[in-house]
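The values are calculated or read from the model by the stated rules, or taken from the named source; none is laboratory data. Keep in mind the model is a prediction, meaning the values are calculated, not measured. Cβ sites come from the backbone with ideal geometry, for glycine too, and all protein chains shown count toward neighbours.
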Amino acid sequence: MLQTILVVALGGALGAVSRFLTVLFSAKLFGTEFPYGTLVVNTLGSFILVFFMILFLEKLTLDPLWRMFFAVGFLGAFTTFSSFSYETIALFQDGEYFKGVINVMLNNVFSLTAGFLGLITAKTLL
């Protein structure tokens, strides 16, 4: 159990730093008028999680600790529903209703589409 906790903690630390850097890069690339960073990490995270889980479960024989490291630790810290919720509420509080609705729609559509593309990509490689 301690080994699993340490693996998840290490993955979480790397995922959190990766998220931070991705959000910074997204802000430089797209600006800060919209929460693009959260949209990017949620979209990427959805693709990567589904892609790798299909590979881990159907193709690769990996120790379950690697799945814990990657899916629970790294991607759990990389993606962020709480930031999405906060940023959406902040947009509504600021009277940016259109941006708030667009944020909800884009995060859901992009993340689900990316997850589906991850599934298709992984299945194609099998």
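Does G100 qualify as being at pLDDT 95 or above, on the phi < 0 side of the Ramachandran plot and buried (at least 18 other Cβ atoms within 10 Å of the Cβ)? Full working, then the answer.
Details: at pLDDT 95 or above: yes; on the phi < 0 side of the Ramachandran plot: yes; buried (at least 18 other Cβ atoms within 10 Å of the Cβ): yes.
Yes; evaluated as a whole, the condition is true for this residue.
So, of the residues in the stretch 36-90 that are of a type in the set (S, T, Y) and at pLDDT 85 or above, which turns out to be nearest to G115 (Cα to Cα)? Break it down into steps so the answer makes sense when it comes.
We begin by selecting, within the stretch 36-90, every residue of a type in the set (S, T, Y); these are 36, 38, 43, 46, 61, 79-80, 82-83, 85-86, 88.
Checking which are at pLDDT 85 or above leaves us with 36, 38, 43, 46, 79, 85, 88.
On the way: Y36: 18, T38: 16, T43: 8, S46: 5, T79: 13, S85: 20, T88: 22 Å.
Of everything passing the filter in the stretch 36-90, S46 is nearest to G115 (Cα to Cα).
Conditions tested, residue by residue: (1) over 23 Å from V8 (Cβ atoms); (2) part of a helix (DSSP H, G or I); (3) hydrophobic (A, V, I, L, M, F, W, C); (4) in contact with a His (Cβ under 7 Å, 6 or more places away or on another chain).
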site	(1), (2), (3), (4)
L24	yes, yes, yes, no
F34	yes, no, yes, no
M53	no, yes, yes, no
V72	no, yes, yes, no
A77	no, yes, yes, no
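Please tell me if F92 is in a helix (DSSP H, G or I) and either more than 30 Å from K123 (Cα to Cα) or in contact with a helix residue (DSSP H, G or I) (Cβ under 6 Å, 6 or more places away or on another chain) (or both). Working first, answer last.
Numbers: in a helix (DSSP H, G or I): yes; either more than 30 Å from K123 (Cα to Cα) or in contact with a helix residue (DSSP H, G or I) (Cβ under 6 Å, 6 or more places away or on another chain) (or both): yes.
For F92, the condition - in a helix (DSSP H, G or I) and either more than 30 Å from K123 (Cα to Cα) or in contact with a helix residue (DSSP H, G or I) (Cβ under 6 Å, 6 or more places away or on another chain) (or both) - is met.
Looking at the stretch 23-40, can you tell me whether even one residue there is touching a residue at least 60 places away in the same chain (Cβ under 8 Å), under 12 Å from the mean Cα position of the chain (by Cα) and closer than 21 Å to L91 by Cα?
Among the residues of the stretch 23-40, at least one is touching a residue at least 60 places away in the same chain (Cβ under 8 Å), under 12 Å from the mean Cα position of the chain (by Cα) and closer than 21 Å to L91 by Cα, which makes the answer yes.
Report the residue count in the stretch 13-29 for those that are farther than 15 Å from F81 by Cα and surrounded by 14 or more Cβ atoms within 10 Å (Cβ to Cβ).
Our first condition is that a residue be farther than 15 Å from F81 by Cα; within the stretch 13-29, this holds for 13-14, 17-18, 21-22, 24-29.
Adding the requirement that they be surrounded by 14 or more Cβ atoms within 10 Å (Cβ to Cβ) leaves 14, 18, 22, 26-27.
Summing the residues that are farther than 15 Å from F81 by Cα and surrounded by 14 or more Cβ atoms within 10 Å (Cβ to Cβ) in the stretch 13-29 gives 5.
Looking at (1) surrounded by fewer than 19 Cβ atoms within 10 Å (Cβ to Cβ); (2) out of contact with any Leu (no Cβ under 8 Å at 6 or more places or on another chain), which one does T4 not meet, given that it meets all the others?
Of everything listed in (1) surrounded by fewer than 19 Cβ atoms within 10 Å (Cβ to Cβ); (2) out of contact with any Leu (no Cβ under 8 Å at 6 or more places or on another chain), T4 misses just condition (2).
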